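A.B. asks: What follows is a structure written as structure tokens; I'll ask about it next.
The values are calculated or read from the model by the stated rules, or taken from the named source; none is laboratory data. Only a predicted model underlies this, so the values are computations on that prediction, with no experimental measurement involved. Note that we place each Cβ from the backbone using ideal geometry, even for glycine, and neighbour counts take in every protein chain shown.
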Amino acid sequence: MRAADHLTLRPATPDDAGLLAAWDEEPHVIACVTDDPEATSASKGDDLSAELADQSDIFRYLIAEVDGRPIGAMLDIDPAREPYGYWAPIGDGFRALDIWIGEADALGRGYGTRMMTLALDACFARPEVQAVLIDPLTSNVDAHRFYRRLGFRPAERRLFNDENDCLVHRLDRADWAASRASVA
């Protein structure tokens with residue numbers, strides 16, 4: 001990461017479907033969403049064009065760009081209202097995030113931390129949000145370390161969609177505020 005690198009998050013549009021689909025076939029992205037060694041895509045055939053056209057405050061994609069170059073994506077979800085029931089049952093006051101660096105040459109450069117910081121600041125700017133959740137695979141110990149460095153704490157082990165063995169992590173508003181105050 002160079003000092004001149006300027007990272008931003010912008011709303012994804014239907015025009016980003018091809019970019020997201022290409023990243024979904026990258027081995028490092030696939031490894032973050034499944035333990036299946038035969039998997040060839042992270043999205044499992046999801047219609048990304050339809051998802052991108054149907055975004056709202058409940059379910060929206062963000063594209064991370066460094067100096068205008070797309071390098072990764074995030075998914076910001078209201079888990080109590082998302083249409084697929086993935087997080088159910090869950091009450092109000094939460095956001096859930098997914099993050100992936102799509103470009104292999106952007107890995108290990110600090111961009112993930114910067115992406116998460118921007119997204120967490122946006123989540124906690126909403127007064128109703130009391131905690132943010134993230135659901136890395138139980139086997140993804142690198143992700144667990146990454147989220148713990150950001151202040152997340154393991155909350156529960158959970159099987160999603162009858163196949164994804166995840167260790168859900170939670171970051172409470174007070175913990176995020178304390179970590180941001182120590183940086184300021």
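A.B. asks: Note down all Cβ pairs under 6 Å where the first residue falls in the range 52-65 and is more than 18 Å from D78 (Cβ to Cβ), the second is assigned to a strand (DSSP E or B), and they're at least six residues apart or on different chains.
C.D. replies: From residues that are more than 18 Å from D78 (Cβ to Cβ), the pairs are I63/R10; I63/P70; I63/A73; A64/L9; A64/I71; A64/G72; E65/T8.
A.B. asks: Where residues in the range 128-172 are among the basic types (K, R), surrounded by 11 or more Cβ atoms within 10 Å (Cβ to Cβ) and within 17 Å of I90 (Cα to Cα), which of them is nearest to the chain's Cα centre (by Cα)?
C.D. replies: Filtering the range 128-172 for residues that are among the basic types (K, R), surrounded by 11 or more Cβ atoms within 10 Å (Cβ to Cβ) and within 17 Å of I90 (Cα to Cα), the one nearest to the chain's Cα centre (by Cα) comes out as R170.
A.B. asks: Report every pair of residues separated by at least 6 positions or lying on different chains whose Cβ atoms are under 6 Å apart, first residue within the range 120-142 and in contact (Cβ under 8 Å) with a residue 24 or more places away in the chain, second surrounded by 18 or more Cβ atoms within 10 Å (Cβ to Cβ) and part of a loop (DSSP other than H, G, I, E, B).
C.D. replies: C123/V129
A.B. asks: Based on what the data block shows, is D121 outside any strand (DSSP E or B), surrounded by fewer than 16 Cβ atoms within 10 Å (Cβ to Cβ) and at pLDDT below 90?
C.D. replies: On the way: outside any strand (DSSP E or B): yes; surrounded by fewer than 16 Cβ atoms within 10 Å (Cβ to Cβ): yes; at pLDDT below 90: no.
No; evaluated as a whole, the condition is false for this residue.
A.B. asks: Right, something else. When the range 143-178 is examined, which residues are found to be in contact (Cβ under 8 Å) with a residue 24 or more places away in the chain and in a strand (DSSP E or B)?
C.D. replies: Selection gives F160, N164, D165, C166, L167, V168, H169, R170, L171, D172.
A.B. asks: Quick check on the range 152-173. Is at least one of its residues of a type in the set (V, I, T), modelled with pLDDT of 95 or more and on the phi < 0 side of the Ramachandran plot? Talk me through it step by step, then tell me what you get.
C.D. replies: Let us first name the residues in the range 152-173 that are of a type in the set (V, I, T), namely 168.
Checking which are modelled with pLDDT of 95 or more leaves us with 168.
Retained after the next criterion (residues that are on the phi < 0 side of the Ramachandran plot): 168.
Within the range 152-173, one or more residues are of a type in the set (V, I, T), modelled with pLDDT of 95 or more and on the phi < 0 side of the Ramachandran plot.
A.B. asks: Can you say whether E103 is surrounded by 15 or more Cβ atoms within 10 Å (Cβ to Cβ), of a type in the set (D, E), farther than 24 Å from T8 by Cβ and at pLDDT below 95, as far as the supplied structure shows?
C.D. replies: Values: surrounded by 15 or more Cβ atoms within 10 Å (Cβ to Cβ): yes; of a type in the set (D, E): yes; farther than 24 Å from T8 by Cβ: no; at pLDDT below 95: yes.
So E103 does not fit the description; no.
A.B. asks: Just one of A53, A64, A17, A4 is closer than 22 Å to L118 by Cα, at pLDDT 85 or above and of a type outside the set (S, T, Y); which is it? Walk me through how you get there before you give the answer.
C.D. replies: Values: A53 fails: closer than 22 Å to L118 by Cα; A17 fails: closer than 22 Å to L118 by Cα; A4 fails: at pLDDT 85 or above.
Of the residues listed, the single one that is closer than 22 Å to L118 by Cα, at pLDDT 85 or above and of a type outside the set (S, T, Y) is A64.
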